[in-house]
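A.B. asks: First the structure, which I've put down as structure tokens, then a few questions once you've had a look.
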Amino acid sequence: RGDQEEVLKARTVLWAAGVRASKMGELLANKTGAQLDRAGRVMVQPDLSVPNHPNIFVVGDLAHCTSPDGKLLPGVAPVAMQEGQYVAKLIKARLKEQTLGAFQYKDSGNLAVIGRNAAVVNMGKLKFSGFPAWVLWLFVHIYYLIEFDNKLIVMTQWAWNYLTHQQGARLITGRDVEKVQSELARTS
């Protein structure tokens, strides 16, 4: 919180995010000679193509793609969606024997849900948190789902979970910790 530091003591901390790219990266590297970064992402050209293979494109969290300042773009949906749109435009341009400049990601901000009725929004100079950020997070995520029926299903499930106080995320908390620890001890 600002300049204030707070220490949270924990006996066990689990990080469950993906740390390796799909095996498809290795397959592409083996077949094309493309280089992989240490996480297994394919090192792509500025047009998202595989080096020496201008008609093979890699987008999303499998692509090692950097911004103009050299920072690795995050493996998140907005990046992947813009990469996909760029590659579609590039293919259309090439079919007309035209060119397109290098891919450039336009960061429209970050949204993160941190709990029931709590989220954070960081969109340039616009920064806020709490319930209003949580509502925005809900609507943005529903908006980007494809097909009306998917939106309806997800909205219904989220509403049911909200009204019945069911957790959408399955986290190991409370008494479940002892259960997991005993399972780990039994299997090791």
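A.B. asks: D47's amide H: which non-local residues (gap 5+, or another chain) put their own amide H closer than 5 Å, with H modeled 1.01 Å from N in plane and none for Pro or chain starts?
C.D. replies: F103
A.B. asks: Follow-up. To the nearest 10 square angstrom, what accessible area does M43 show with a 1.4 Å probe?
C.D. replies: 70
A.B. asks: Once phi is turned into θ = phi - 60°, what whole-Hz ³J(HN,Hα) does the Karplus curve with 6.51, -1.76 and 1.60 give for every residue of the range 88-104, x standing for Gly and Pro?
C.D. replies: 4, 5, 5, 5, 4, 5, 5, 5, 9, 6, 10, 10, 9, x, 5, 5, 10
A.B. asks: Residue by residue through the range 148-155, what is 3J(HN,Hα) from phi via Karplus (6.51 cos²θ - 1.76 cosθ + 1.60, θ = phi - 60°)? Round to whole Hz and write x for glycine and proline.
C.D. replies: Here the 3J(HN,Hα) series is 4, 5, 5, 4, 5, 4, 5, 4 Hz.
A.B. asks: For R41, which sequence-distant residues (separation of 5 or more, or a different chain) have an amide H within less than 5 Å of its own amide H, given hydrogens modelled in the peptide plane?
C.D. replies: Excluding prolines and chain starts, which carry no amide H, the hits are A21.
A.B. asks: Additional query: Would you kindly find the accessible area of S49, with a 1.4 Å probe and non-protein molecules such as ligands, DNA and RNA excluded, rounding to the nearest 10 Å²?
C.D. replies: S49 exposes around 10 Å² with every protein chain in place.
A.B. asks: Rounded to a whole number, what % of the accessible area of the range 35-124 do carbon and sulfur atoms account for, probe 1.4 Å?
C.D. replies: 54
A.B. asks: Just by accessible area at a 1.4 angstrom probe, what is the order of I142, I56 from largest to smallest?
C.D. replies: The ordering from most to least exposed comes out as I56, I142.
A.B. asks: Oh, and also: Which FRET efficiency value, to the nearest 0.05, do you get for I153 and V120 by plugging their Cβ-Cβ distance into 1/(1 + (r/R0)^6) with R0 = 35 Å?
C.D. replies: Working from the Cβ atoms, E equals 0.85.
A.B. asks: Same structure again: If we count every other residue with Cβ under 14 angstrom of L72's Cβ, Lys/Arg +1 and Asp/Glu -1, where does the sum land?
C.D. replies: Net local charge, L72 excluded: -2.
The values are calculated or read from the model by the stated rules, or taken from the named source; none is laboratory data. The model shown is predicted, which means the values in this text are computed figures rather than measured ones. With ideal geometry, Cβ positions are generated from the backbone for all residues, glycine too; neighbour counts draw on all protein chains shown. The area values use the complete protein model at the heavy-atom level, side chains included, leaving out ligands, DNA and RNA. Shrake-Rupley method; radii C 1.70, N 1.55, O 1.52, S 1.80 Å.
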